[in-house]
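Q: Structure in structure tokens, see below.
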Amino acid sequence: MKINLVIIPTYNEKENIERMIRKVFSLKTPFEILILDDNSPDKTAEIVQRLQIEFPGKLHLVQRQGKLGLGTAYLTGFKWALEYGADYIFEMDCDFSHNPEDLEKLLEACDKNEADVAIGSRYIKGINVINWPLGRVLMSYFASVYVRMITGMKIMDTTAGFKCFRRSVLEAIDLDDIQLKGYGFQVEMKFTAWKHGFNITEVPIIFTDRQEGSSKMSGGIFNEALWGILRMKIRSWFKHYIPQKSQLS
């Protein structure tokens with residue numbers, strides 16, 4: 001049986017973590033979960049440890065020493081997933097802005113429709129965002145416009161953080177060479193997969209702003225992504241990307 005592993009980074013998510021875990025495990029499709037907790041002061045990790053007794057072999061936990069950033073959390077998770085033998089690796093937030101039921105749509109895009117990377121897209125069919133202030137919607141939307149202009153990618157939701165990767169994609173990418181660690185990390189992973197020739201597809205989702213806990217977005221994170229994308233593009237001129245065989249080729 002193929003292993004579908006959902007990677008969820010956490011920092012102070014005690015209001016959401018148990019509901020999220022139970023929801024993912026209630027889905028018809030079998031998923032496993034890897035929680036990467038950055039030493040949450042609210043003891044998120046202790047809730048996960050309690051639930052590990054209830055879900056042995058399905059719920060995994062990596063505890064890090066502090067708040068080290070979204071990108072480094074996912075990179076740690078990707079390496080763990082490859083060593084574990086996962087076939088499909090997912091990125092998902094813990095705050096229910098990503099609907100866990102959409103995991104099955106992302107998996108179908110890769111497993112049945114043979115995409116290499118499936119993106120849960122807020123912008124492939126209009127703008128599907130609920131409960132965000134207009135300013136944040138516009139910032140996010142035009143950030144994707146900016147990324148498309150700089151990179152040449154045709155992806156509508158370039159900053160999306162709800163994704164499914166085939167194992168072969170993460171094996172082809174030099175994870176130690178990924179430079180951006182904040183939200184720009186999401187763009188760099190897509191850009192690198194695209195440069196390697198993998199097929200990337202967008203699956204429409206509805207994004208709902210978190211109801212519990214606090215957002216981790218900040219102006220500094222946005223600025224890092226803004227200038228980081230430009231530096232990423234310039235670096236790409238001096239890198240050699242080995243063409244990979246897409247599932248659709």
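Q: Roughly speaking, what is the stretch gain from residue 1 to residue 171, that is 0.36 nm per residue apart minus the C-alpha to C-alpha distance, in nm to one decimal?
A: Full extension from residue 1 to residue 171 adds 59.2 nm.
Q: A further question on this structure: Report the local net charge at residue 76: Lys and Arg +1, Asp and Glu -1, summed over other residues whose C-beta lies under 14 Å from its C-beta.
A: -1
Q: Using all Cα-Cα distances in the chain, what percent lands in each 10 angstrom bin from 0 up to the longest?
A: Cα pair-distance distribution for the chain, in percent: 7, 32, 40, 19, 2.
Q: Here's something else I'd like to know. Over the chain, what percent of the accessible surface lies on carbon and sulfur atoms, probe 1.4 Å?
A: Answer for the chain is 54 percent, counting heavy atoms of protein chains only.
Q: Work out, step by step, the length gained on full extension between residue 79 and residue 113: first 0.36 nm times the residue separation, then minus their alpha carbon distance; give nm to one decimal.
A: Between residue 79 and residue 113, full extension yields 9.7 nm more.
Q: I'd like to verify something in the chain: which complete DSSP H helices, judged by Cα projection on the helix axis, reach 20 Å or more and average at least 0.0 on the Kyte-Doolittle scale?
A: Helices meeting the span and hydropathy rule in the chain are 70-84, 134-151, 219-236.
Q: Then there's this: Can you give me the Rg/Rh ratio for the range 66-141, using Cα atoms for both radii and the Kirkwood formula for Rh?
A: 1.01
Q: Show the residues, 5+ positions off or on another chain, whose built amide H is closer than 5 Å to the amide H of residue 42.
A: Long-range HN contacts for residue 42: 12.
Q: While we're on this one: Longest span of the chain, sites excluded, free of chymotrypsin sites (Phe, Trp or Tyr not before Pro) in DSSP loop with at most 13 other C-beta atoms within 10 Å?
A: 1-236
Q: How many Å² of accessible area per residue for the range 8-150, probe 1.4 Å?
A: 45
Q: Hey, rough spin-label estimate for residue 242 and residue 61, points 7 angstrom out along Cα→Cβ, what's it come to in nanometres?
A: Reported label-point gap for residue 242 and residue 61 is 3.8 nm.
Q: Residue 199's amide H: which non-local residues (gap 5+, or another chain) put their own amide H closer than 5 Å, with H modeled 1.01 Å from N in plane and none for Pro or chain starts?
A: 116, 117, 247, 248
Q: Here's another thing I want to ask about it. Any idea how far the Cα center of the range 52-109 sits from the one of the range 116-159, in Å?
A: Measuring centre to centre over Cα atoms gives 22 Å.
Q: Tell me, Kirkwood radius of the range 95-197 from alpha-carbon pair distances, in Å?
A: So the Kirkwood estimate lands at 14.6 Å.
Q: In deg cm²/dmol and to the nearest 500, what is the mean residue ellipticity at 222 nm of the chain if only DSSP H runs of at least 4 residues count, each as -39500 (n - 2.57), divided by the residue total?
A: So the calculated ellipticity at 222 nm is -12500 deg cm²/dmol.
Q: Okay, moving on. In the Gaussian network model of the chain, springs joining C-alpha atoms below 10 Å, which of 170, 68, 180 carries the largest mean-square fluctuation?
A: So, out of 170, 68, 180, the one fluctuating most is 68.
Q: Next up: Can you tell me how much longer the chain between residue 22 and residue 233 gets when fully stretched, taken as 0.36 nm per residue apart minus their C-alpha distance, in nm with one decimal?
A: Gain on stretching residue 22 to residue 233: 71.9 nm.
Q: Mind grabbing the base-10 log of I(q)/I(0) for the range 21-96 at q = 0.20 Å⁻¹? Debye formula, identical points on the C-alpha positions, no solvent, two decimal places.
A: Computed log10 I(q)/I(0) values: -0.97.
Q: Say we join alpha carbon atoms closer than 10 Å with springs in a Gaussian network model of the chain; which of 205, 178, 155 then has the biggest fluctuation?
A: Taking springs between Cα atoms under 10 Å, the residue moving most is 178.
Q: To continue, here is another question. Note down the nm distance, to one decimal, between modelled labels 7 Å out along Cα→Cβ at residue 54 and at residue 136.
A: Result: 2.8 nm between the two label points.
Q: In the range 21-112, which trypsin sites (Lys or Arg not before Pro) fall in coil by DSSP and have 11 or fewer other Cβ atoms within 10 Å?
A: 28, 112
The values are calculated or read from the model by the stated rules, or taken from the named source; none is laboratory data. As the structure is a prediction and not an experimental result, all values here were calculated from the model. Glycine gets a Cβ as well: all are built from the backbone with ideal geometry, and neighbour counts include every protein chain shown. Keep in mind that these areas ignore ligands, DNA and RNA; they rest on the heavy atoms of the full protein, side chains included. Shrake-Rupley method; radii C 1.70, N 1.55, O 1.52, S 1.80 Å.
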